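J.: Quick one: the structure is below, questions incoming.
Bear in mind these aren't lab numbers, they're just calculated from the coordinates by the rules spelled out. Predicted, not measured: the structure shown is a model, and the values here were computed from it. Positions of Cβ are generated from backbone atoms using ideal geometry, with glycine treated the same way; all protein chains shown enter the neighbour counts.
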Amino acid sequence: MTPAALVVDDEPDLAATCERLLRRAGYTVVTATSRRSALAALDAEPFALAVVDRHLPDGDGLDVLRAAREHAIPVVIMTGYASATSRTSSHSAGAAAYLAKPFSAQAFLAAVGTAVGASPPDRAPGPADR
């Protein structure tokens, strides 16, 4: 069975990039653009991973992180508002990895690998990863 990942971000281009990278890494991907839709998705199906934006239009991404952790789902938090306080509060809430936007495909895959307890893929990113 192919593992499923949940990507939560209100920026369509970034969500599509995360989805493409995760599909190449072997995941099926469900996307959500809000806190509410992410929480509904977490209740609807099992996920092996969640990648969650810290700032969502209808609330805090940490709410999604906490709900995912209740299901024992590892979470990568990403944010365009990176700070030491944000990093600390994200890790305290249970984030397995923290990414400041913008980030490279390699940094994203490394964070995913950290979150799921595996090494990132060994292949070099191709032109489509940029």
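J.: Being hydroxyl-bearing (Ser, Thr, Tyr) and either farther than 22 Å from residue 114 by Cβ or in contact with a helix residue (DSSP H, G or I) (Cβ under 6 Å, 6 or more places away or on another chain) (or both) narrows it down to one of 17, 31, so name that one.
T.: 31
J.: Across segment 69-81, which residue is farthest from the chain's Cα centre (by Cα) among those that are within 23 Å of residue 13 (Cβ to Cβ) and crowded, with 16+ Cβ neighbours inside 10 Å?
T.: 79
J.: For segment 30-53, how many residues are touching an Asp or Glu at 6+ places or on another chain (Cβ under 7 Å) and buried (at least 22 other Cβ atoms within 10 Å of the Cβ)?
T.: 2
J.: Pick from segment 1-16 the residues that are touching an Asp or Glu at 6+ places or on another chain (Cβ under 8 Å) and in a strand (DSSP E or B): which of them is farthest from residue 80 (Cα to Cα)?
T.: Looking at residues that are touching an Asp or Glu at 6+ places or on another chain (Cβ under 8 Å) and in a strand (DSSP E or B), I get 4.
J.: Could you check residue 51 against (1) touching a strand residue (DSSP E or B) at 6+ places or on another chain (Cβ under 9 Å); (2) part of a loop (DSSP other than H, G, I, E, B) and say which number it fails?
T.: Condition not satisfied by residue 51: (2).
J.: Still on this model: When segment 36-48 is examined, which residues are found to be in contact with a Pro (Cβ under 8 Å, 6 or more places away or on another chain) and part of a helix (DSSP H, G or I)?
T.: None; the set is empty.
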